[in-house]
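One structure is given below, encoded as structure tokens.
The values are calculated or read from the model by the stated rules, or taken from the named source; none is laboratory data. Fair warning: this is a prediction, and the values are worked out from it, not measured in the lab. Using ideal geometry, Cβ is built from the backbone for each residue, glycine included, and neighbour counts are taken over all protein chains shown. For accessibility, only protein heavy atoms count, side chains too; no ligands or nucleic acids. Shrake-Rupley method; radii C 1.70, N 1.55, O 1.52, S 1.80 Å.
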Amino acid sequence: MQFQQLQYFVAVAETRHFTRAAELVHVAQPSLSQQIKSLERELGADLFLRARGNITLTDAGEALLPLARRILADADTARHEVLELVQLRSGRIRLGATPSLCTGLLPDVLRAFHDRYPGIRLLIEEGGSHDLVRELARGALDLALVVLPLPTPSPALTTVELLREDLVVVSSPDAPRPGRGKRTVNVADLEGERLVMFRHGYDLRELTVAACRAEGFEPDFAVEGGEMDAVLGFVRAGLGLAVVPRMVAARSGRGLRVTPLARPGLHRTIALAHRSDVAPPRAARELQRMLLER
């Protein structure tokens, strides 16, 4: 008994027509008929009653049909499971993330993922949440790490909250302590301080500016327009203060003084996003699992 013969048998049983069954499985009708006859000889029983213009199942055919369907379904499952494993040995993941997350959260997780799945290529695109949401929507990314709430909420995206991260103030150890030397500072203490500010479209820029305005003042920028590495470099050089995620400050702490914000402080919520209408590839789902379990 051959797997192909079972495919042909099920096709005939479902269409009750040899020619239509042959079209369904993309084979010539004489070849299909020959394989069905061969299967009947192998089993020692007729599977179909062939009256002119009317094909029906015999008792043997009725008995075989659910078993054949189960065998074919199991074969599809086996093929799918093997493909899933193959996708973890090769392929790629297109991951978007904000620059601060590329600096703070991702290095350790990506190293662990690469150690486990060295054949998977990791393609990283840095950008603000607004840009990453747009890239997800057009199918250019498999997953993206974004800051909630999204700038433009989209029902086409599924988001899963990953972590809530504190923000801290960083400054040069050679500069005066912010907040007149206090161990923790309030956002109000940043009034009159010179700030190193991220470029427009950066989530941290919007959050910091909004917090300052909520305290009734406009922030004073010493330098603006940089990415994360540039901002930290300008702070180390003593050009001003910056508000950054705690993980970034911990990883980039050399040459920086870190001052916590007093309660309630400032926080941001990080989420993992993907399209709702398309399941991420197997490798991307494995990376998603590792991020959620980190």
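Summary table below
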{"item": "One residue from 141, 122 being part of a loop (DSSP other than H, G, I, E, B) and of a type in the set (A, V, I, L, M, F, W, C)", "result": "141"}
{"item": "Extreme residue, surrounded by the most Cβ atoms within 10 Å (Cβ to Cβ), among residues of region 65-123 that are basic (Lys, Arg) and within 30 Å of residue 16 (Cα to Cα)", "result": "69"}
{"item": "Every pair of residues 6+ apart whose Cβ atoms lie under 8 Å, when the first sits in region 15-37 and is surrounded by fewer than 16 Cβ atoms within 10 Å (Cβ to Cβ) while the second is outside any helix (DSSP H, G or I)", "result": "16/54; 16/55; 16/56"}
{"item": "Pick from region 261-270, criterion buried (at least 16 other Cβ atoms within 10 Å of the Cβ) and assigned to a strand (DSSP E or B), ranking: farthest from the chain's Cα centre (by Cα)", "result": "261"}
{"item": "Residue 199 vs. criteria touching a strand residue (DSSP E or B) at 6+ places or on another chain (Cβ under 7 Å), more than 22 Å from residue 250 (Cβ to Cβ) and modelled with pLDDT under 90", "result": "yes"}
{"item": "Residue 218 open to solvent by 30 Å² or more (accessible area, probe 1.4 Å), farther than 30 Å from residue 157 by Cα, modelled with pLDDT of 90 or more and outside any strand (DSSP E or B)", "result": "yes"}
{"item": "The lone exception for residue 229 - which of (1) in a helix (DSSP H, G or I); (2) in contact (Cβ under 8 Å) with a residue 24 or more places away in the chain; (3) buried (at least 17 other Cβ atoms within 10 Å of the Cβ) it fails", "result": "(3)"}
{"item": "Restricting region 221-232 to residues that are in contact with a helix residue (DSSP H, G or I) (Cβ under 8 Å, 6 or more places away or on another chain) and over 10 Å from residue 195 (Cα atoms), the residue that is modelled with the highest pLDDT", "result": "232"}
{"item": "Residue identified as more than 21 Å from residue 128 (Cα to Cα) and either open to solvent by 60 Å² or more (accessible area, probe 1.4 Å) or touching a residue at least 60 places away in the same chain (Cβ under 8 Å) (or both) among 242, 283, 273", "result": "283"}
{"item": "Count - residues of region 174-183 that are assigned to a loop (DSSP other than H, G, I, E, B) and either among the acidic types (Asp, Glu) or over 14 Å from residue 265 (Cβ atoms) (or both)", "result": "4"}
{"item": "Candidate set: region 40-64, residues that are open to solvent by 50 Å² or more (accessible area, probe 1.4 Å) and acidic (Asp, Glu); chosen: the one nearest to the chain's Cα centre (by Cα)", "result": "62"}
{"item": "Candidate set: region 174-197, residues that are surrounded by fewer than 20 Cβ atoms within 10 Å (Cβ to Cβ) and aliphatic (A, V, I, L, M); chosen: the one nearest to the chain's Cα centre (by Cα)", "result": "188"}
{"item": "Selection within region 149-173 - out of contact with any Lys or Arg (no Cβ under 8 Å at 6 or more places or on another chain), open to solvent by 10 Å² or more (accessible area, probe 1.4 Å) and assigned to a strand (DSSP E or B)", "result": "159, 160, 161, 162, 163"}
{"item": "Within region 198-215, considering residues that are within 17 Å of residue 100 (Cβ to Cβ) and outside any helix (DSSP H, G or I), the one most open to solvent (accessible area, probe 1.4 Å)", "result": "200"}
